Amino acid sequence: MQNSKISTQDICSIAIMTAITAVMAQISIPMPMGVPMTMQTFAVTLAGVVLGAKRGAISMIIYVLLGAIGAPVLAGFSGGFQHLIGPTGGFLLSFPIMAYLIGVGTKLRKQKGMFVLFLILGTAVNYTVGVLMFCILMKASVWTGFTACVLPFLPTAVIKAAAASILGLKLHVRLGEALQWT
């Protein structure tokens, strides 16, 4: 995406990552407080790592917009604007920021600790925006939001982030060489 031009390869890679996110959203386990455990954050992390900051964020913007207009790309083959303004909407709305931050970390990965720092930062933004929106809409305390939206998800978040990072960095190197991505 140099010189603000977008190539056919960019369009295809963004579309593929958007589709992967839609597929990963269907791997979903309902949870008691209404926030399902999905593989979406695996896909968001993968988007940031493989595509980089701008392309990763664009793929997530497209994913969120597809969900907003009613395409059945969200968890449970659902879609519609109501999901973006509902209790789990903050998580969805923060996906582009999460992918962007992780993409920045990928670019800085040769600087000691920067990749992990941005991976954690991207995930923290996702949880923060998600919990805030959950608390506001559910009229819940921050503690309730934390125990409903963060605590049960931490073990799998670490596993998903590690797996997406390992796979994503390998793909990034391979695709980066082929497509001249930075």
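Key figures
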read-out	value
Chain lengthening between ILE27 and MET138 when straightened (0.36 nm per residue, less Cα-Cα)	37.5 nm
Computed E for ILE166/LYS110 - FRET, C-beta separation, R0 22 angstrom, nearest 0.05	0.85
Peptide ranges 134-144, 13-23 listed from the most packed, as the mean C-beta count within 10 angstrom indicates	13-23, 134-144
In degrees, nearest ten, helix 95-107 long axis to first principal axis of the chain (Cα)	40
Protection-proxy order for peptides 94-104, 53-63, 113-123, each taking the mean of Cβ atoms within 10 Å per residue, highest first	94-104, 53-63, 113-123
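Coordinate-derived values only; no laboratory data. This structure is a prediction, so every number in the text was calculated from the model and none was measured. In this analysis, Cβ positions are derived from the backbone assuming ideal geometry, glycine residues included, and neighbour counts consider all displayed protein chains.
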